[in-house]
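The structure under discussion appears below in the form of structure tokens.
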Amino acid sequence: MASSVVPVDQNPQNPSPTKPPSVLHLSFNQDRSYFNVGTTEGFMVFSTDPFREAHRRDFSNGGTHGGIGIVQILFHCDFFALVGGGPSPKLASNKVMIWDDNQGRFMGELLYRSEVKSVRLRRDRIVVVLLQKIYVYDIADLKLLHQIDTVANPKGLCEISQSGPMVLASLGLRKGQVRVEHFARRRSQLIMAHESSVACVALSNDGRLVATASSKGTLIRVFNSLNGSLLHELRRGADRAQIYNLSFSSTAQWLAVSSDKGTVHVFGLKIDSSSLGINGSREAATDDLAPASTSRLSFIKGVLPKYFSSEWSVAQFRIQEGVRHIVTFGHKKDTIIIISTDGRFYRCKFDPVAGGEMTQLECHNFLQPEQSNSS
């Protein structure tokens, strides 16, 4: 699923009592039904459809020691993984605390010698990412199952599949390399995705597709995670950009991309989904994940430069440039959801045939809920 986390400045100004808290973290849950907000005062969880506040915990005690830098919720339950952050953290930055919201207390912890960069959850596993190490645990008893070494990974790039056997994608041991672990197959696939450093990674729900963006931010590549073959090369634009996140739709028919240019792009992926086994109908052979078709310019690949032969987005939506935001696909057909560090929630609709600019359906301020509007 989507690469769905934006770490932000860990040293914001302390908010005054009359202002909303500063956002330290944004992420979507595993099925996009909720999104998580870590702030300088605690954490909040919101339902995406309909938009509404579902949980709120204020740890600030009058403005001190309340910061949550990472918050992950497991689907719809009361199980949270929390890591401290901000100028006055509630918890240590080298510790993952397991919070039971139903009981209102911490139920367990995972302690490290260095700062936790990110956390991922699925029903049977907890994944903790450090600067150059990834740990995989059984969620039932917190038993350590796997350790993975990576190149320096300050963003904590790591994604895990949510359906079927567990697949994990993160950085390899070389610049530009992505490592995909197929645990059920006991197989590691190394993919040289880019010449420059990898800036973003996403996995499809079933782990068969992996998408990557480099630090240049102009091209997004989609690979067969089983054999490492390149399936799509997508062009976000010509100018250098910082990619905030990548997100596959639930059927892997679409890929959404957000960046610091203030534009969200949606790309169509022309891949035979039946061969991918997305609906669990049949197991695909190791090497049969090939594109069903390519872009209209594919016949001149190798003749014109890559700028012309790579594929362009179908639809776009624009928000304020430079504001950090992440995007995912909504439960309603042909919709996307965008959340940003300035507190904005957008629901938009794209036309899969005509493409072009998306239509804004809703806009809310989740830091100040009374300031909301719908179109």
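Going by the conditions given, is Asp101 touching a residue at least 24 places away in the same chain (Cβ under 8 Å), surrounded by fewer than 24 Cβ atoms within 10 Å (Cβ to Cβ), out of contact with any Asp or Glu (no Cβ under 9 Å at 6 or more places or on another chain) and not aliphatic (A, V, I, L, M)? When the stated conditions are applied, Asp101 does not pass them.
Beta carbons closer than 8 Å, at least 6 apart along the sequence or on distinct chains, pair a first residue in region 181-195 that is free of Cβ contacts under 8 Å to residues at least 24 places away in the same chain with a second that is surrounded by 19 or more Cβ atoms within 10 Å (Cβ to Cβ) and not in a strand (DSSP E or B) for Ala184/Met166. Only one of the numbered conditions (1) within 19 Å of Ser247 (Cβ to Cβ); (2) in a loop (DSSP other than H, G, I, E, B) is not met by His65, and that is (1). Restricting attention to region 343-375, the residues that are out of contact with any Gly (no Cβ under 9 Å at 6 or more places or on another chain), assigned to a loop (DSSP other than H, G, I, E, B), at pLDDT 95 or above and within 22 Å of Val37 (Cα to Cα) total 1. Counting only strands (runs of 3 or more DSSP E) that sit wholly inside region 203-274, those with at least 3 residues that are over 27 Å from Ala184 (Cβ atoms) and in contact (Cβ under 8 Å) with a residue 40 or more places away in the chain are 230-235, 254-259, 263-268.
Rundown of residues vs (1) at pLDDT 95 or above; (2) buried (at least 21 other Cβ atoms within 10 Å of the Cβ), yes/no style:
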position: His182; (1), (2): yes, no
position: Ser188; (1), (2): yes, no
position: Gly207; (1), (2): yes, yes
position: Thr212; (1), (2): yes, yes
position: Asn224; (1), (2): yes, yes
position: Ala238; (1), (2): no, no
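Of all the numbered requirements in (1) modelled with pLDDT of 80 or more; (2) in a strand (DSSP E or B); (3) not hydroxyl-bearing (Ser, Thr, Tyr), His76 misses one, and that requirement is (2). Every listed requirement among (1) touching an Asp or Glu at 6+ places or on another chain (Cβ under 6 Å); (2) at negative phi is met by Gly176 save one, (2). Number of residues in region 164-185 that are of a type in the set (A, V, I, L, M, F, W, C) and part of a loop (DSSP other than H, G, I, E, B) equals 4.
Scanning region 149-163 for residues that are outside any loop (DSSP other than H, G, I, E, B) and surrounded by fewer than 20 Cβ atoms within 10 Å (Cβ to Cβ) yields a single hit, Asp149.
Pairs linking a residue in region 32-60 that is under 16 Å from Pro89 (Cβ atoms) and outside any loop (DSSP other than H, G, I, E, B) to a residue that is polar (S, T, N, Q) and modelled with pLDDT of 95 or more, with Cβ atoms under 7 Å and 6 or more positions apart or on different chains, are Phe43/Asn36.
The values are calculated or read from the model by the stated rules, or taken from the named source; none is laboratory data. If you're wondering where the values come from, they're calculated on a predicted model, not measured in any experiment. Positions of Cβ are generated from backbone atoms using ideal geometry, with glycine treated the same way; all protein chains shown enter the neighbour counts.
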